[in-house]
Every structure is written in structure tokens, then in C-alpha cells.
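The values are calculated or read from the model by the stated rules, or taken from the named source; none is laboratory data. Everything numeric here is computed off the predicted structure, so don't read it as measured data. Every residue, glycine among them, receives a Cβ derived from its backbone with ideal geometry; neighbour counts consider all protein chains shown.
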Amino acid sequence: MKKFALATIFLVSALFSADNFTFEKVNNPKEILSQISTKKQSLKSKQIPQVRAYTPLPIDQFVFDSNLDELTSVSSGGQFLFYLAYNKNQGDPTNFLIKNISENYRCDYNGTNEANCNFDLYHTRVEYALNSIGGWFYFSGYPSSDDDFVLISRMNSQRGSVEPLMLDTSSYRKPHFKVFVDTYGKLSVTFTLVTGGTQTVSTPQAIPLNTNVYLQANNSGINYEVGWTTLDGTSSRASGSHQGFSIPADIDEHRVGRNTQKLCVSDGGGNATKETSGCITISSPFVGQEFNSSKNKYKTFSKYHRMTNFFWDYGVDMFSDMNTTNLSNKPIYQSSLSIDANLINKILSDLSGATNYFNNGELRVYIDENYNVIVADIRAY
């Protein structure tokens, strides 16, 4: 077996052009693994240093599950580079969640479309009551608390003079759209009622374990729905409603605040503009700096719950996208993994030490006793 040395891989990004790679899926991984396993030469006792965001590992530690994993050989100009290990279904770890901003946003309420604004302002201060979120997941057990698996949590972070204590006491913030799996395995949504209290609606049946399951939750104005389904058609759904907005004055006050650029009590001072005036703000994991931390959270779902085809949008019928593989028309969507030259160049660039496309732990390199690279492993789970 030809091998590619770790010492010489540092020069790879300069040596190989972006269109010079050959990919061949391995149809006999057991045979390949048998060849690899013969290369155990006291590798466990060899001291292997940490190198940037990836760690070289001895080849005898490499394991492969043919039910979940794929193995593809990567060559360039007839020279074997390495085997690439990845999951049969996974996102691209180098571009995991994509924020698709493809339209002009208007933040006024009077219909004149005078106020241009951006994605973040629009979805937290204008169209905050339209939410659809979903994706494929896998559960081997149920969460130990209602906060262990939270698909999304949108909170009332500003509600005007109707509830002036909202900013004064953090515990006073209430959920607008919190979707989670409870300790009984039921997909649930919690939202705020007219009375100021909260209500939780859960699917009648628990999510099945040890199988792929599609989860989705919708919010449309005062209405909420959650549900799950599997490939064989087994499903469970539940819905609930506000019976009216949480406090009717909120909506009128918010609209007046938007159109007159007047401050609400909870605005805390400052000068309102057509873009920032108004009395209601609903938090979102997909805006501002919060989006960066959210990527790591959803990557955790990918690692432990095999999350694929994840999206956030609005007005999506329940389960209508469960078989959709191209979600690029969504405002927020999980990328799919493409085995192509772009991916290989990122791997080679990270190995050279020039970049860190992969976060710590996302790229593992299995080497022999001579530091020859045998497998580059980017599996999410």
C-alpha cells in the first residue's frame, strides 16, 4: 500500500491543484481494514504530539462501522494520498450551519416599506411569530432533564411597558417558542399564554429509540404544533394555541412604537429609529454572535444524535421536507457533505498548518509507525 507521509503533507496544498483528485469508494472495507490492522508496530507506546486542530493517532486505533461509515480512497496524479472516513449521512463540519440571506428586509409596520433592516432585526422584532424547525435525529436514550435536548429556545426578551420588569429580572423572561425532548421522550413545545403563564404541549407518544426519526415544530402566530415521524410512517403530533396574543396591548403598542419611532418602557433609553423602534423583541439562536455559539450546540446534536437535514424557516407544512436533501432555500440550514476537491484541499491545508477549517476534534489523522498518513477521519459520530 502506498502511503503519504505526514512530514511531506505540509507541502500538499501547493503541489496539488483543486481539480487533480481522484476518488474511489472502497467496496471492500473489511479487506482494507485487514491490511491496515497488520501495521501494528508498538504504536501505542509511541508518543504522538498534538498538532493544531487535529491529532495524529496510531492506525491500530481506527475502527469502522460499515452500517454507518464510508471509506473512500483519495489520489492525485496517480499517487495515493489517504483513505477518507466519513458517515453515510452527515453535514460538512467546515461549513456546518449556513445563514442564507437572500432578500431585502423591511422593518416598518405601516406598509410603506420605508425602513430597510437586516435578517437579525427582521426575525427578532417583526416576523418573530412564524417558526418552523426540523431535521432527522437518532436517540439511543431519553434526556435526563428538559434542558438536555432543546431544539430551539426563543424567549421574550423585551415586551414594552406592559411588562416593565421583563428587563429587570432575567427569570421573568418567558418562552415564546421552546422546543425540546422531555425526560419521557416526547417532543414538546412551551409558550406563553394570555394569562402570563406558560403551557407545554407534547406528542402523545414518545420518540422511538435506536432508529432515525424526523422531528418538526411549527409556530404560526398564536398556534403551535410539534410532531415526529419515522421512515415507516409511524408518527405522533400535538398542537396548542394562545387563545389570543399573550397580552393584546403588546401588539398595538408594538405597532405604534414601530411606526412612530417611539421608545417603550423596556427600551431603556436611547434614540429609536425605523429599524430599531418597537416594543417586542424575541430572541433567536440564529442572529448576531449567538449564531456562532449555536453552531457548536447543533454540532453536538450531530455528534450524539446524528442530526442531518436540519433547518429553520417559517410556514413549512409538517414533515413536508423530511425527504428533501437540498435545503439551500431555507434561511438557516445544515449543509450536506460533498466529497470533492474543495473538501480535500481544506483537509490538506489544515494538515499543513496553514489553516483551521476543522474545529478541534473534527479531523483525526491515523498514521503508521513512520508517520505515514493512512486515514483522514472526519466522521461526525
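Condition first: part of a helix (DSSP H, G or I) and either within 22 Å of the chain's Cα centre (by Cα) or in contact (Cβ under 8 Å) with a residue 24 or more places away in the chain (or both). Can you find one or more residues in segment 351-369 that meet it?
Taking every residue of segment 351-369 in turn, at least one turns out to be part of a helix (DSSP H, G or I) and either within 22 Å of the chain's Cα centre (by Cα) or in contact (Cβ under 8 Å) with a residue 24 or more places away in the chain (or both).
Which one of PHE319, PHE311 is in contact with a Lys or Arg (Cβ under 6 Å, 6 or more places away or on another chain), at pLDDT 95 or above and not assigned by TED's automatic domain parsing to the domain that holds LEU363?
Residue meeting the stated conditions: PHE311.
Based on this model, can you work out whether LEU263 counts as at pLDDT below 90 and on the phi < 0 side of the Ramachandran plot?
yes
Checking the conditions here, which among ILE374, ILE332, ILE280 is within 13 Å of the chain's Cα centre (by Cα) and either under 24 Å from PHE62 (Cβ atoms) or touching a residue at least 12 places away in the same chain (Cβ under 8 Å) (or both)?
Being within 13 Å of the chain's Cα centre (by Cα) and either under 24 Å from PHE62 (Cβ atoms) or touching a residue at least 12 places away in the same chain (Cβ under 8 Å) (or both) holds for just one of ILE374, ILE332, ILE280, which is ILE332.
Which of the numbered conditions does GLU225 fail, given that it passes all the others? Conditions: (1) in a strand (DSSP E or B); (2) at pLDDT below 95.
Tallying (1) in a strand (DSSP E or B); (2) at pLDDT below 95, GLU225 fails exactly one: (2).
Might you check whether a residue that is over 28 Å from ASN223 (Cβ atoms) and at pLDDT below 95 occurs anywhere in segment 276-289?
Yes: one or more hits.
Would you pick out the residues in segment 195-222 that are of a type in the set (Ser, Thr, Tyr), assigned to a loop (DSSP other than H, G, I, E, B) and under 26 Å from ASN67 (Cα atoms)?
THR211
Please count how many residues of segment 148-166 are modelled with pLDDT of 95 or more and of a type in the set (A, V, I, L, M).
Selection size over segment 148-166: 3.
Can you tell me how many residues in segment 13-33 are at pLDDT 70 or above and among the polar types (S, T, N, Q)?
4
Please state which of the following conditions ASP350 fails to meet, knowing it meets all the rest: (1) modelled with pLDDT of 95 or more; (2) closer than 30 Å to SER73 by Cα; (3) not β-branched (Val, Ile, Thr).
ASP350 satisfies all of (1) modelled with pLDDT of 95 or more; (2) closer than 30 Å to SER73 by Cα; (3) not β-branched (Val, Ile, Thr) except (1).
Taking segment 167-191 only, how many residues are buried (at least 22 other Cβ atoms within 10 Å of the Cβ) and either at pLDDT below 50 or touching a His at 6+ places or on another chain (Cβ under 7 Å) (or both)?
Total satisfying the criteria: 1.
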